[in-house]
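Quick note: the coordinates plus some simple rules give every number you see, no bench work behind them. No experiment lies behind these values; they were computed from the predicted model shown. Note: ideal-geometry Cβ built from the backbone for every residue, glycine included; neighbour counts use all protein chains shown.
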Ligand SMILES: [Zn+2]
C-alpha cells in the first residue's frame, strides 16, 4: 500500500513520492526536501498548475499558518519548474 497525500492545489490524492512537502519554518513557507520534517506539512503536486491554484486559494496560509510573500512563491515556482524540467528529460 502506498502512502497517499492530498494536494493542496487540485485536491486530488497522489502518491507521496510524486508530491512535494511544504512546511512552516519559523512562520515562513519552506520546501521540505527530505519530506521528513516533524510537524505539520502541506503536500503539493510538482506542477505549476497546482501551485497556481494553491496560491489563489491561499491554501498554504490556511493550512500551515505561514506567511507567504512573493519571494517564497517564486522560490516554490522555481523549484517546481526545475522538477518539471527533470521529468521531461
Ligand atoms: Zn495537484
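Assorted remarks:
- Considering (1) over 21 Å from residue 88 (Cα atoms); (2) surrounded by 15 or more Cβ atoms within 10 Å (Cβ to Cβ); (3) under 11 Å from the mean Cα position of the chain (by Cα), the lone condition that residue 68 does not fulfil carries the number (3).
- Output for the range 41-80, where each listed residue is within 20 Å of residue 15 (Cβ to Cβ), touching a residue at least 24 places away in the same chain (Cβ under 8 Å) and not in a helix (DSSP H, G or I): 42, 43, 44, 45, 46, 47
- Residue 44 touching a helix residue (DSSP H, G or I) at 6+ places or on another chain (Cβ under 7 Å) and farther than 22 Å from residue 85 by Cα: no
- Selection status of residue 63, within 16 Å of the ligand (Cβ to nearest atom) and under 10 Å from the mean Cα position of the chain (by Cα): no
- Restricting attention to the range 2-32, the residues that are within 12 Å of the ligand (Cβ to nearest atom), in contact (Cβ under 8 Å) with a residue 24 or more places away in the chain and assigned to a loop (DSSP other than H, G, I, E, B) total 4.
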